[in-house]
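Participant: Below you'll find the structure I mean.
Where a number appears in this text, it was derived from the coordinates with a stated rule and is not lab data. Please read these numbers as outputs of a predicted model, since none were measured by experiment. Cβ coordinates were reconstructed from backbone atoms using ideal geometry, including for glycine residues, and neighbour counts include every protein chain displayed.
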Ligand code: P1T
């Protein structure tokens with residue numbers, strides 16, 4: 001099966017009970033058993049629910065994997081993957097990543113004795129040298145949020161050999177990047193973003209083809225219980241059916257926006273892997289089949305100018321999150337990445353002047369006109 005066929009059919013056979021063509025929302029917490037332990041494979045909805053299972057099957061298929069665990073948010077999925085580790089274990093993490101992931105690692109799991117080293121994972125030799133006897137996992141975000149830096153998944157996976165390699169594939173989506181095929185062991189998504197695609201539901205998923213790792217994540221899912229309800233699972237599954245269509249338009253629009261910004265006299269720097277000026281454009285072409293819908297940039301002038309610009313846009317709403325059909329603009333330093341200390345942020349290039357666009361799938365002429373008039 002090809003990508004969109006899987007998005008529309010994997011896990012989504014007609015309902016065995018009623019013949020409903022579309023997977024029903026099984027709004028139930030529990031299941032009547034014929035006798036103790038005799039049931040149809042479901043006994044309690046934290047453990048398993050048919051609507052959630054359909055979503056898990058659909059999303060695993062999109063990453064060419066067998067197993068998926070859905071969660072109530074992206075950070076809940078991240079927490080479940082980190083939850084397979086034990087106190088004293090060490091994780092190497094790419095040093096530019098979503099602020100909420102940084103906060104979860106440093107301020108929650110750090111207190112439980114897990115150790116995190118944040119580093120520039122574009123330097124694979126340095127990554128190899130940072131491996132200690134206690135290192136158990138590599139955590140890669142690529143492209144990174146918000147600097148759109150790439151990590152060479154294949155090279156890091158080779159350096160990591162017997163470690164667990166986890167990739168947050170939220171920005172690229174499986175439509176443009178398949179980390180498991182490049183040697184990663186587990187993929188995490190905030191399905192709140194492109195997979196759900198309509199900014200109307202929060203969710204996450206962890207996907208793997210490794211049965212033991214799946215069992216360990218599934219144990220976390222059931223034990224810590226951060227599962228999505230059936231309504232949220234259903235909305236996410238509906239959104240994911242059109243992932244390919246949306247991603248093609250997101251990428252086409254983002255390329256046009258990035259090129260427009262790069263050519264504008266008021267713009268200082270543009271970060272988009274699809275630009276020839278992106279330092280890792282060649283890696284992007286090799287590792288991804290498209291460059292995604294996120295564009296970051298700095299304007300000439302100070303941060304007050306950047307904020308003023310953001311407020312003047314008509315179609316780009318000033319909002320956190322990304323990946324919906326509508327365009328958004330965000331000021332990462334004050335919004336999504338505010339939990340990262342300023343010094344560390346700035347070391348990564350995430351200054352107070354940086355703006356991040358989630359380029360939607362509106363007509364590109366309207367988006368460019370909006371940017372042009374706010375820049376003017
Ligand atoms: O928000 P949640 O569904 O819990 O997902 C967390 C998350 C994980 N990974 C990446 C790469 C993310 O970007 C996010 C969430 N990010 C935003 C809300 C944002 O605006 O960047």
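Participant: In a GNM of the chain with a 10 Å cut-off on Cα contacts, which of 220, 312, 255 has the highest mean-square fluctuation?
Facilitator: 312
Participant: Please report the antiparallel percentage of the DSSP beta bridges confined to region 243-375, to the nearest 5. Provide the component values of the computation, followed by the final result.
Facilitator: Numbers: 12 of 14 bridges.
If we restrict to bridges inside region 243-375, about 85 percent are antiparallel.
Participant: For region 46-147, take N as its residue count and report Rg(C-alpha) divided by 2.2 N^0.38 Å. Could the numbers behind the result be given before it?
Facilitator: Details: Rg = 15.3 Å, N = 102, 2.2 N^0.38 = 12.8 Å.
So region 46-147 has a normalised radius of gyration of 1.20.
Participant: Let me ask something additional. Starting from the Cα-Cα distance between residue 366 and residue 305, subtract it from 0.36 nm times their residue separation and give me the gain in nm to one decimal.
Facilitator: Numbers: separation 61, 0.36 × 61 = 21.96 nm, distance 2.23 nm.
Full-extension gain reported as 19.7 nm.
Participant: Which number do you get for Rg(Cα) / (2.2 N^0.38 Å) in the chain?
Facilitator: In units of the globular-protein estimate, the chain measures up at 0.99.
Participant: OK, next. Helix 243-263: angle to the longest alpha-carbon principal axis of the chain, degrees 0 to 90, nearest 10?
Facilitator: 10
Participant: Label-point separation (nm) for residue 17 and residue 117, each offset 7 Å from Cα along Cα-to-Cβ?
Facilitator: So the label points at residue 17 and residue 117 sit 5.2 nm apart.
Participant: Could I ask something else about it? State the antiparallel share, in %, of DSSP beta bridges confined to the chain, rounding to the nearest 5. If you can, show how the numbers build up before the last one.
Facilitator: Details: 24 of 43 bridges.
In the chain, DSSP labels about 55 percent of beta bridges as antiparallel.
Participant: Turning to a different aspect of this structure: Please state, as a whole number in µm²/s, the translational diffusion coefficient that the Stokes-Einstein equation yields for region 1-89 at 37 °C and 0.692 mPa s, with Rh defined as the Kirkwood radius across alpha carbon pairs. Provide the component values of the computation, followed by the final result.
Facilitator: Values: Rh = 15.1 Å.
This corresponds to a translational diffusion coefficient of 218 µm²/s.
Participant: Order these peptides, 294-307, 276-289, 17-30, 155-168, by their mean beta-carbon neighbour count within 10 angstrom, highest first.
Facilitator: On the way: 294-307: 18.5, 276-289: 16.0, 17-30: 12.4, 155-168: 20.2.
Going by the mean number of other Cβ atoms within 10 Å, highest first, we get 155-168, 294-307, 276-289, 17-30.
Participant: Now, a different point. Stretch residue 315-residue 269 to full length: gain in nm at 0.36 nm per residue minus the Cα-Cα span?
Facilitator: On the way: separation 46, 0.36 × 46 = 16.56 nm, distance 2.19 nm.
Stretched out fully, the residue 315 to residue 269 stretch lengthens by 14.4 nm.
Participant: Kindly provide the pair-distance distribution of region 163-256 built from C-alpha pairs, with 10 Å bins from 0 and whole-percent values in order of increasing distance.
Facilitator: P(r) for region 163-256, in whole percents per bin: 16, 42, 34, 8, 1.
Participant: Oh, and also: Enter the angle in degrees (range 0 to 90, nearest 10) between the Cα long axis of helix 211-224 and the first principal axis of the Cα atoms of the chain, meaning the one along which they spread out most.
Facilitator: 90
Participant: Can you give the angle from 0 to 90° between the axis of helix 364-375 and the longest principal axis of the chain, with both taken from C-alpha atoms, to the nearest 10?
Facilitator: For helix 364-375, the angle is close to 50 degrees.
Participant: Then there is this: So for region 243-375, what percent of the C-alpha to C-alpha distances run longer than 27 Å? Please list the in-between numbers first.
Facilitator: Working: 1292 of 8778 pairs.
Cα-Cα pairs of region 243-375 separated by over 27 Å account for 15 percent.
Participant: Put a dot 7 Å past each Cα toward the Cβ at residue 342 and residue 200; how far apart are the dots in nm?
Facilitator: Computed distance between label sites residue 200 and residue 342 equals 4.1 nm.
Participant: If you average the sequence gap of Cα pairs under 8 Å that are 6 or more apart and divide by the length of region 241-289, what percent do you get for the contact order?
Facilitator: Numbers: 21 pairs, mean separation 10.8, N = 49.
Reported as a whole number, the value is 22 percent.
Participant: Which distance in nm do the two modelled labels at residue 64 and residue 242 give, with both placed 7 Å along the Cα-to-Cβ direction?
Facilitator: 2.7
Participant: Now a separate question. Per the Debye formula with a single identical scatterer at each Cα and no solvent contribution, what log10 I(q)/I(0) holds for region 117-184 at q = 0.12, 0.29 Å⁻¹?
Facilitator: Taken in order of the listed q values, log10 I(q)/I(0) reads -0.28, -1.47.
Participant: State, as an integer percentage, the relative contact order of the chain based on alpha-carbon contacts under 8 Å between residues 6 or more apart. Intermediate results must be reported in sequence, preceding the final value.
Facilitator: Values: 771 pairs, mean separation 65.3, N = 376.
Computed over the chain, the figure is 17 percent.
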